[in-house]
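Shown next, in structure tokens, is the structure this report addresses.
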Amino acid sequence: MSGMLICQKNTLYFLTEGKCVMAGIAADILRRARGASARDARVFTPKDFADLGSRAAIDQALSRLAKDGKLRRIGHGFYDMPRINPMLARPAAPDLDAVADAIARRDSVTIVPSALVSANRLGLTTAVSSKNDYLTDGPSRTIRIGNRSLHLRHAGPKLMALKNQPAGDVVRALHWLGPDIARSDDVIDRLRRQLPATVKRDLAKARPVMTAWAADIAGRISA
């Protein structure tokens with residue numbers, strides 16, 4: 001019986017050397033997940049609960065919580081709180097941005113939106129990507145989440161240096177536009193008007209790590 005994990009009234013007990021010791025891992029996991037998901041959709045991996053017990057015990061607890069419907073398993077090693085889409089009255093689709101955040105935490109990498117998404121955020125294009133693409137300083141790979149795929153594409157330091165900072169969106173948007181369009185007066189004037197002073201300062205500081213043409217444009221925007 002040593003090492004057997006059993007569930008009793010939503011509390012986990014672990015039998016060690018014939019003694020029943022309360023673990024409470026499932027309750028702790030659920031409490032943390034609910035707190036983190038109170039405001040925004042959040043996705044979790046076992047690593048988010050690594051401080052609560054051994055990997056085997058955490059996996060067992062997550063499996064039990066998913067089986068009981070208290071957490072939702074949305075992919076291999078990914079969980080979220082069950083949510084209902086109020087418009088469709090059915091389970092909401094997993095939030096892929098939250099999945100990307102979970103991967104970044106788990107793997108200690110940076111993951112940012114694609115250059116097209118950055119350009120769209122800044123109002124430089126109305127185009128919307130039909131793919132779930134992200135850039136990362138980690139390896140390129142594809143993650144399956146239900147019937148959808150999240151695509152991570154490795155990007156070099158010139159695109160990733162500013163990471164998730166707002167100024168990083170500007171750099172990625174310039175690269176999506178390309179040097180000819182990005183250096184036009186219309187683009188530079190628009191960004192100069194709409195960007196806060198803090199973002200302009202960050203752009204100016206990051207010029208040494210940019211490509212030459214992007215650094216020149218960043219200087220004109222931040223002047």
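Any chance you could run the full-extension gain for H154 through D133? It's 0.36 nm times the residue separation minus the Cα-Cα distance, nm to one decimal.
Values: separation 21, 0.36 × 21 = 7.56 nm, distance 1.08 nm.
So the extension gain works out to 6.5 nm.
Over 23 Å apart: what share of the alpha carbon pairs of the range 112-222 falls there, rounded to a whole percent? Kindly include the intermediate steps, with their values, before the conclusion.
Working: 1598 of 6105 pairs.
The answer is 26 percent, as a whole percent.
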### Query
Considering the chain, what Rg and Dmax in Å follow from its alpha-carbon atoms?
22.3, 76
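Summing +1 for each Lys or Arg and -1 for each Asp or Glu, what net charge is found among the other residues whose Cβ lies under 13 Å from the Cβ of P196? Please list the in-between numbers first.
Values: positive: R192, R193, K200, R201; negative: D169, D202.
Net charge around P196: +2.
Read-outs: derived from the displayed coordinates by stated rules, not from any lab. All values reported here derive from a predicted model rather than from experimental measurement. Quick reminder, even Gly has a Cβ in these numbers, built from the backbone with ideal geometry, and neighbours come from all protein chains shown.
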